[in-house]
Each structure stands twice: as C-alpha cells, then as structure tokens.
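The values are calculated or read from the model by the stated rules, or taken from the named source; none is laboratory data. Note that this is a predicted model, so its numbers are computed, not measured. Because the Cβ atoms are built from the backbone with ideal geometry, glycine has one as well, and the counts that use them run over all protein chains shown. Accessible surface is based on the protein model in full, side chains and every heavy atom, while ligands, DNA and RNA are left aside. Shrake-Rupley method; radii C 1.70, N 1.55, O 1.52, S 1.80 Å.
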Amino acid sequence: MLREFPDSKTPAGLYYNPYFANLNIAMPPPLTAEGQVTYAAGNPKPTVDQMASDVAAFLVWTAEPKLENRHAAGIPVMIFLLFGTVLTYLAYQNIWAEAKRKVAPVGPLNPDKKAKRNRAKGKAGIKG
C-alpha cells in the first residue's frame, strides 16, 4: 500500500503495522528501544530483533518447560520399542514356524474326502 500511496501518513493515535489489513493499529509496538530486555553483564547491547527473538523463546519455554526432557527421553524409548519389536517378531517366527507347515486342508477341499464328495454329487444329480 505504501508503494501505491507513498505520501500516506499514519494518523495520530495509531501505529504502523505492515501485517495488519489497513496498516494501522491502536496498539503501540511492544519493543521499540534497546534496553527493554535485561541481559547479563558482558553481553553486547541487544537489538530489537534479538530482544523479540529472546522473548519468543522464553514464552515457548514457559508454555512447556519440560519439553527438552521429554525429547531427551524419547530416544531411549524409541530404541526400547525397536528392540521389543524385533524380539516380538523373532518370537512369532519361532512359535508359529512349525504350526504353519502343519496346516492341512479341511472341509470340501480335503483330497482324502474326494470319494465321499463325488458320491454326494451323484446322489444330488450334479455332474462334474
């Protein structure tokens, strides 16, 4: 909008905000000058961008202060789950390996009952 109207001015009592629809809001910028955020001695004087970044990082930390601990605990948990999955798969293979080989056909497809099946078809008048 400033490109289209370079002479436009922000009205009194309003503040310029490029992210707002009409570029003007009533809330003043929260960080405007250096020194609004206190840093330990020996650090260089922070800029407004650095203060904003630090305030945002602090707000994330206050929302979930144990997030780093949960992330650190996640790696051993994933290793444990992977190990458990491998053990479970090997146990499954060991237990069911013989049982799967011993499966015998049952019911109407059983080759041992072919004669009985043919007699039943003959009595019913079915050719085949």
Quiz item: From Tyr15, Tyr89, which residue is touching a strand residue (DSSP E or B) at 6+ places or on another chain (Cβ under 8 Å) and open to solvent by 80 Å² or more (accessible area, probe 1.4 Å)?
Solution: Tyr15
Quiz item: Has the stretch 3-10 got at least one residue that is open to solvent by less than 80 Å² (accessible area, probe 1.4 Å) and either modelled with pLDDT under 85 or basic (Lys, Arg) (or both)?
Solution: yes
Quiz item: Looking at this structure, is Lys121 out of contact with any helix residue (DSSP H, G or I) (no Cβ under 9 Å at 6 or more places or on another chain) and either at pLDDT 90 or above or not in a loop (DSSP other than H, G, I, E, B) (or both)?
Solution: yes
Exercise. Give Gly107, Gly42 a once-over and let me know the one that is open to solvent by less than 90 Å² (accessible area, probe 1.4 Å), under 30 Å from Ala120 (Cβ atoms) and modelled with pLDDT under 90.
Key: Gly107
Quiz item: Can you name the condition, by its number, that Val55 falls short on among (1) under 19 Å from Tyr15 (Cβ atoms); (2) surrounded by 11 or more Cβ atoms within 10 Å (Cβ to Cβ); (3) at pLDDT below 85?
Solution: (3)
Quiz prompt | Selected residue [in a helix (DSSP H, G or I), more than 36 Å from the chain's Cα centre (by Cα) and not charged (D, E, K, R)] from Pro108, Pro28, Pro11 | solution = Pro108
Quiz prompt | Any chance Ala72 is aliphatic (A, V, I, L, M), at pLDDT below 90 and open to solvent by less than 100 Å² (accessible area, probe 1.4 Å) | solution = no
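Conditions (1) part of a loop (DSSP other than H, G, I, E, B); (2) over 35 Å from the mean Cα position of the chain (by Cα), marked per residue:
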{"site": "Phe20", "(1), (2)": "yes, no"}
{"site": "Thr38", "(1), (2)": "yes, yes"}
{"site": "Pro46", "(1), (2)": "yes, no"}
{"site": "Ala52", "(1), (2)": "no, no"}
{"site": "Val55", "(1), (2)": "no, no"}
{"site": "Phe58", "(1), (2)": "no, no"}
{"site": "Glu68", "(1), (2)": "no, no"}
Quiz item: Looking at Val37, is it open to solvent by less than 100 Å² (accessible area, probe 1.4 Å) and modelled with pLDDT of 80 or more?
Solution: no
